[in-house]
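**Q** Let me begin by handing over the structure; questions about it come next.
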Amino acid sequence: MKHLLSYAKKMAKYLPILVLPLFFLFACATRPYIKVNYQLPDKIQSTPAAKKIRLSVVDHRANPDPLSVSAREKLNNFHNSYMLILAPKGQDKPIEGIYDLKTLFETVFRKRLDQMGIQVVESASPQIPKLEVALTDFHLDLKDYKWHFKMAYATTLSQDGKIFVKQNFSGDTERVDVPGMDDAGTTVSQIYSDLINEMDIEALLSKLPQE
């Protein structure tokens, strides 16, 4: 018994030395996805100019890789997927799902349209307004111990083969990289919601011909 107590005391003495490398190992481990926190804008009470809409999300990025070489070295387990979190900043719930980049944008825009009472339909009818969202930039870089993120997209609203509105949205941000923290996802989330919500869908639809 005394021998066991003596051994336990020795192990307790060296426990911090054994645990510290494990802490850094797990701190450096990365997830296969990046967390993206999205917040819907305040609910719009007015009646939408259109009840149905066709939604198309296309990828027009010149560089299809969302990460620079240095960012991919840091996020070595990243598999080009994104966890969408629909919650206020600083909260991790509720989790909507894990998507590829195109589906991430499509899901978020569907949420915005649904909030306005607009149904997204799968139809080839040109009489139903079509909103096309073209992703032109989505790039995360790690440079000088800072995360740098750029995002841009363009929207086109058309009906009956005629384009009524074209708009472009872009932004960038940076954040210091702190070991063990999810600063990559936080950097992306810093401007993701703002840029998505910058598009005034109600004003956009008001450009359509009135029935």
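**Q** Within region 152-161, identify whether any single residue is under 20 Å from residue 189 (Cα atoms) and assigned to a loop (DSSP other than H, G, I, E, B), and answer yes or no.
**A** no
**Q** Oh, and also: Can you name the residue in region 105-136 that is touching a residue at least 60 places away in the same chain (Cβ under 8 Å) and among the acidic types (Asp, Glu) and is also farthest from residue 66 (Cα to Cα) among such residues?
**A** 122
**Q** So, in region 157-178, how many residues would count as being of a type outside the set (A, V, I, L, M, F, W, C), farther than 18 Å from residue 68 by Cβ and surrounded by 16 or more Cβ atoms within 10 Å (Cβ to Cβ)?
**A** Here the count works out to 2.
**Q** Inside region 173-198, can you point out the residues that are of a type in the set (Val, Ile, Thr) and over 18 Å from residue 82 (Cα atoms)?
**A** 173, 176, 178
**Q** Related question: Yes or no: region 95-114 includes at least one residue that is exposed (fewer than 15 other Cβ atoms within 10 Å of the Cβ), in contact with a Lys or Arg (Cβ under 9 Å, 6 or more places away or on another chain) and in a loop (DSSP other than H, G, I, E, B).
**A** The answer is no, given that none of the residues of region 95-114 is exposed (fewer than 15 other Cβ atoms within 10 Å of the Cβ), in contact with a Lys or Arg (Cβ under 9 Å, 6 or more places away or on another chain) and in a loop (DSSP other than H, G, I, E, B).
**Q** In addition: When region 53-81 is examined, which residues are found to be out of contact with any Lys or Arg (no Cβ under 6 Å at 6 or more places or on another chain) and in a strand (DSSP E or B)?
**A** Result: 53, 55, 56, 58, 67, 81.
**Q** Only one of (1) out of contact with any Ser or Thr (no Cβ under 6 Å at 6 or more places or on another chain); (2) more than 23 Å from residue 95 (Cβ to Cβ); (3) acidic (Asp, Glu); (4) not in a loop (DSSP other than H, G, I, E, B) is not met by residue 122, so which one is it?
**A** Condition not satisfied by residue 122: (4).
**Q** In region 171-193, what residues are assigned to a strand (DSSP E or B) and touching a Phe, Trp or Tyr at 6+ places or on another chain (Cβ under 8 Å)?
**A** Within region 171-193, 172, 173, 174, 175, 176 qualify.
**Q** Condition check: within 18 Å of residue 33 (Cα to Cα) and either aliphatic (A, V, I, L, M) or modelled with pLDDT of 95 or more (or both). Does residue 103 satisfy that?
**A** When the stated conditions are applied, residue 103 passes them.
**Q** If I go through region 169-209 residue by residue, how many of them are over 21 Å from residue 39 (Cβ atoms) and without any contact (Cβ under 8 Å) to a residue 24 or more places away in the chain?
**A** 1
**Q** I want to confirm something. Restricting to region 40-80 and keeping residues that are basic (Lys, Arg) and under 30 Å from residue 210 (Cα atoms), which single residue is modelled with the highest pLDDT?
**A** Among residues in region 40-80 that are basic (Lys, Arg) and under 30 Å from residue 210 (Cα atoms), the one modelled with the highest pLDDT is 54.
**Q** How many residues does region 169-189 hold that are under 14 Å from residue 146 (Cα atoms) and within 15 Å of the chain's Cα centre (by Cα)?
**A** 9
The values are calculated or read from the model by the stated rules, or taken from the named source; none is laboratory data. Just so it is clear, the model here is predicted, and its values are computed rather than measured. Note that we place each Cβ from the backbone using ideal geometry, even for glycine, and neighbour counts take in every protein chain shown.
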